[in-house]
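Engineer: Let me begin by handing over the structure; questions about it come next.
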Amino acid sequence: MTAFVEHKVIKELGDLAYTMWKMGWDEKNGGNISYLLSADELSEFILDENPRTFVLNGIPENMIGKYIVITASGSNFRLIKDFLEETVGIIKVTEKGYEIIAGFQQDNKPTSEIYMHLLSHSARLDVDANHRVIVHNHATEISAMTFVHELEEKAFSRTLWGIITECIVVFPDGVGVLPWMVCGNEEIGKCTAEKLTYCRIVIWSHHGILTSGSSLNDAFGLIETVNKAAKIYMQTFDKRMTSGITDEELVELCEFFEVTPREGIIETSTMER
């Protein structure tokens, strides 16, 4: 058996948390991460024979029986990698809630946004069998962009696509955009999950971003790409001499990289040329 803190998934999660803190995207306890374990990965852990049990209503059916690595409520992202047994844990999802089966020492428990994570994993599993990860943080420039750009998601997606060549290739499904909402409650969880049925990225206005992926690196890469585009937008939107990548050029990109952009973002007449 692999010691909890030495397991590849746990170490990678801790390293990612620290990286995002260094980038200024996870101040104090601002953010959370969860990872769906495979059966092989689960078998490498020593599990608690007397798990702590918690009740949680409305568990999605396709999440029952799943095992999830998730960050703790109130965990400081700068310190996670140094206190993995306290700030990270494994839960088993049950019909009535969840059990803590490893980690979360000193009576810690999962992030207050656990229900949002369960709903988000559920939504992505319905459309992507390779889905494994949900990452939420407070990426600076994407948060700033929500103060100066209209919050209509197709327009938001089109702006991001037009800034960096790789954007439409990396996230051809665009982004989902939510208005400001209270974090941690059922409403934002349900609204986020609805967006994830058709895209992998959800922007929480005046708050941050959430991404889904097949790995920790995959989900983080989406945030990096979106935030880089948002940073360029914030540095140029009020002083531009060009309009960015055109619809025609975006079509050329899609054809070359063999990706299909989400409908309704590029002009239909351009797509049918």
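Here, each number is a calculation from the coordinates, and none is a lab measurement. All of these numbers come straight from a predicted model, not from anything done at the bench. Positions of Cβ are generated from backbone atoms using ideal geometry, with glycine treated the same way; all protein chains shown enter the neighbour counts.
Engineer: Just grab the label-to-label distance for residue 11 and residue 150, each label 7 Å out from Cα along the Cβ direction, in nm (one decimal).
Structural biologist: Result: 5.0 nm between the two label points.
Engineer: Quick one: which of 259-265, 174-180 comes out on top by average Cβ neighbours within 10 Å, and what's the full order, highest first?
Structural biologist: Values: 259-265: 15.3, 174-180: 19.4.
Highest mean packing first, the order is 174-180, 259-265.
Engineer: How do 181, 20, 63 line up, fewest other C-beta atoms within 10 Å first?
Structural biologist: On the way: 181 16, 20 24, 63 19.
Fewest-to-most ranking of 181, 20, 63: 181, 63, 20.
Engineer: If each residue of separation counts as 0.36 nm, what is the full-extension length gain between residue 242 and residue 183 once their alpha-carbon separation is subtracted?
Structural biologist: Numbers: separation 59, 0.36 × 59 = 21.24 nm, distance 3.74 nm.
So the extension gain works out to 17.5 nm.
Engineer: Using the Cβ atoms and a cut-off under 11 Å, what net charge is assigned to the surroundings of residue 228, where Lys and Arg are +1 and Asp and Glu are -1?
Structural biologist: Values: positive: 231; negative: 141, 166, 224.
That works out to -2.
Engineer: Moving on to the next point. What FRET efficiency do you get for residue 19 and residue 235 if R0 is 22 Å and r is their Cβ-Cβ distance, rounded to the nearest 0.05?
Structural biologist: Values: r = 23 Å, r/R0 = 1.04.
With a Förster radius of 22 Å, E is 0.45.
Engineer: Let me ask something else. Which value in deg cm²/dmol, rounded to the nearest 500, describes the helix-derived mean residue ellipticity at 222 nm for the chain, given -39,500 (n - 2.57) per DSSP H run of n ≥ 4 and division by the residue count?
Structural biologist: Values: 11 runs with 102 residues, N = 273.
Computed ellipticity for the chain at 222 nm equals -10500 deg cm²/dmol.
Engineer: Among bridges DSSP assigns within the chain, what percent are antiparallel (round to 5)? Could you put the intermediate results ahead of the total?
Structural biologist: Values: 33 of 36 bridges.
Percent antiparallel among DSSP bridges in the chain is about 90.
Engineer: While we're here: Need the full-extension length gain, residue 43 to residue 55, defined as separation in residues times 0.36 nm minus the C-alpha distance. One decimal, nm. Write out the running numbers ahead of the final one.
Structural biologist: On the way: separation 12, 0.36 × 12 = 4.32 nm, distance 2.51 nm.
My answer for the length gained is 1.8 nm.
Engineer: With N set to the residue count of the stretch 1-112, report its C-alpha Rg divided by 2.2 N^0.38 Å to two decimal places.
Structural biologist: Details: Rg = 13.5 Å, N = 112, 2.2 N^0.38 = 13.2 Å.
Taking N as the residue count of the stretch 1-112, the ratio is 1.02.
Engineer: Return a single number: how many Lys pairs in the stretch 146-273, at a sequence separation of 8 or more or on separate chains, have alpha-carbon atoms below 25 angstrom apart.
Structural biologist: Lysine pairs satisfying the spacing and distance rule in the stretch 146-273 number 9.
Engineer: Here's another thing I want to ask about it. Take the alpha carbon atoms of the stretch 22-71, find their center, do the same for the stretch 105-124, and report the distance between the two centers in whole angstrom.
Structural biologist: Here the two parts' Cα centres lie 6 Å apart.
Engineer: Once all Cα-Cα distances of the stretch 95-238 are split into 5 Å bins that start at 0, what whole-number percent is in each one?
Structural biologist: In order of increasing distance, the bins hold 2, 10, 20, 23, 19, 13, 7, 4, 2, 1, 0 percent.
Engineer: Under 25 Å between C-alpha atoms is the cut-off here; go through the stretch 1-112 and count lysine pairs that meet it, provided they're at least eight residues apart or on different chains.
Structural biologist: Lysine pairs meeting both conditions in the stretch 1-112 amount to 24.
Engineer: For the chain, what mean projected area does the convex hull of the alpha carbons give, in nm²? All intermediate terms of the calculation are to be shown ahead of the outcome.
Structural biologist: On the way: hull surface 58.7 nm².
In nm², the orientation-averaged hull projection of the chain is 14.7.
Engineer: Additional query: So if we plug the beta-carbon distance of residue 112 and residue 249 into 1/(1 + (r/R0)^6) with R0 = 51 Å, what FRET efficiency do we get, rounded to 0.05? Walk me through the numbers before you get to the answer.
Structural biologist: Values: r = 43 Å, r/R0 = 0.85.
Using R0 = 51 Å, I get an efficiency of 0.75.
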